[in-house]
Amino acid sequence: MTFQIRPYHLSDLPDLYRICLRTGASGADATDLYKDPDLLAHYYAGPYLLLDPDLCFVLTQDGTPCGYILGARDSAAFSASCERAWFPPLRQRYPVPAADDASPDAQIIRLIHAGYHPEARLSAYPAHLHIDLLPIAQGQGWGRRLMQTFLDHLRSLAVPGVHLGVGSSNVGAIQFYERVGFHRIFEGTGWIAFGQHLRSNEPQTN
Ligand SMILES: CC(C)(COP(=O)(O)OP(=O)(O)OC[C@H]1O[C@@H](n2cnc3c(N)ncnc32)[C@H](O)[C@@H]1OP(=O)(O)O)[C@@H](O)C(=O)NCCC(=O)NCCS
């Protein structure tokens, strides 16, 4: 089995949508949770692939995508671009669910209608990211290497900091982020915000 990290190509999109779903339940497979298999990725992957494709790196196993890291270099600009170029057609396609609809699909559709709004408390960390690897690729250092590739690219763009959100129950990912140089910024309801400054004289991921 040969693993390789390379830049994203448009033809990766269907595989990345599936990886998003198969890691979408606090790191576990969310396939059985959603009626529409594309919904999660419509929020957590699609807009990044459209708006900041140069910031997406793909991990392949024998040529087939098995993981990715993606994000936005400027979360405020990303928010505005999503309103212009990503969310409007999705809001037409997926109407606001009934108020008593607590299904996972309905929860993501509500996020699509709410839009993406970066937290003011995270403004010192203007970039943000998502990273997901299928189980076959986990625990072998590829997450760390993908993160290094992503952070090096942000540094080359002179981005001063990056943040992310992780579900409080995703214990493995929380430990991963702490091991690759992120610190806790605040805890929300059911999630934790992590950040990392990217000054060039700071050590990179430890
Ligand atoms: C979380 C994830 C990105 C980590 O990537 P990975 O390739 O498995 O992690 P690595 O092998 O590169 O590990 C890097 C470091 O993190 C630590 N780490 C990684 N996963 C861990 C876990 N589940 N528990 C404890 N520590 C962990 C490793 O011990 C390693 O530490 P060290 O290098 O200092 O010894 C990957 O497991 C994954 O995609 N999981 C499912 C999806 C997910 O939860 N994504 C995050 C959503 S917010």
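Laboratory data are not the source of any read-out in this text; all were calculated from the coordinates shown. Owing to the predicted nature of the structure, the values given are computational and were not obtained by experimental measurement. Glycine also receives a Cβ, built like all others from the backbone with ideal geometry; neighbour counts cover every protein chain displayed.
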Quiz item: Within the chain, which is the longest segment containing none of the trypsin sites (Lys or Arg not before Pro) that sit in a DSSP loop and have at most 14 other Cβ atoms within 10 Å?
Solution: 36-198
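Given only helices, namely DSSP H runs of n ≥ 4 each adding -39500 (n - 2.57), what is the per-residue ellipticity at 222 nm of the chain, to the nearest 500 deg cm²/dmol? It would help to have the intermediate numbers written out before the result.
Details: 8 runs with 75 residues, N = 206.
Helix contribution divided over all residues of the chain: -10500 deg cm²/dmol.
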Exercise. Treating only the Cβ atoms of Lys and Arg (+1) and Asp and Glu (-1) as charged, compute the dipole magnitude of region 3-197 about its Cα centre; round to the nearest 20 debye.
Key: 380
Quiz item: For the chain, what is the percent of antiparallel DSSP beta bridges, rounded to the nearest 5?
Solution: 95
Self-check item: Reciprocal of mean inverse Cα separation for region 5-64 (Kirkwood radius, Å)
Solution: 12.0
Quiz item: In whole Å, what three semi-axes, largest first, describe the equivalent ellipsoid of region 98-183 built from its Cα gyration tensor (square root of 5 times each eigenvalue)?
Solution: 27, 19, 12
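Express the relative contact order of region 3-197 as a whole percentage, based on alpha carbon pairs under 8 Å and six or more residues apart in sequence. Please report the intermediate quantities before stating the final value.
Details: 294 pairs, mean separation 41.6, N = 195.
Here the relative contact order equals 21 percent.
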Quiz item: So what is Rg over Rh here for region 3-197, counting just Cα atoms and using Kirkwood for Rh?
Solution: 0.93
Exercise. Using every pair of alpha-carbon atoms in region 48-122, split the distances into 5 Å bins beginning at 0 and state the percent of pairs per bin, rounded to integers.
Key: 3, 14, 18, 18, 18, 16, 10, 4, 1, 0
Quiz item: Rounded to the nearest 20 Debye, what is the dipole magnitude of region 88-150 about its Cα centre when Lys and Arg each give +1 and Asp and Glu each give -1 at the C-beta?
Solution: 280
Exercise. Answer with one residue from 161, 107, 96: the one whose Cα lies farthest towards the positive end of the charge dipole of region 80-206, charges on Cβ with Lys, Arg +1 and Asp, Glu -1.
Key: 161
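Around residue 72, with a cut-off of 12 angstrom between Cβ atoms, what is the net charge of the other residues, counting Lys and Arg +1 and Asp and Glu -1?
On the way: positive: 73; negative: 52, 54, 74.
Local net charge: -2.
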Practice problem: Please name which of 31, 87, 3 has its Cα lying farthest along the dipole of the chain towards the positive end, using unit charges on Cβ (Lys, Arg +1; Asp, Glu -1) and the Cα centre as origin. | Solution: 3
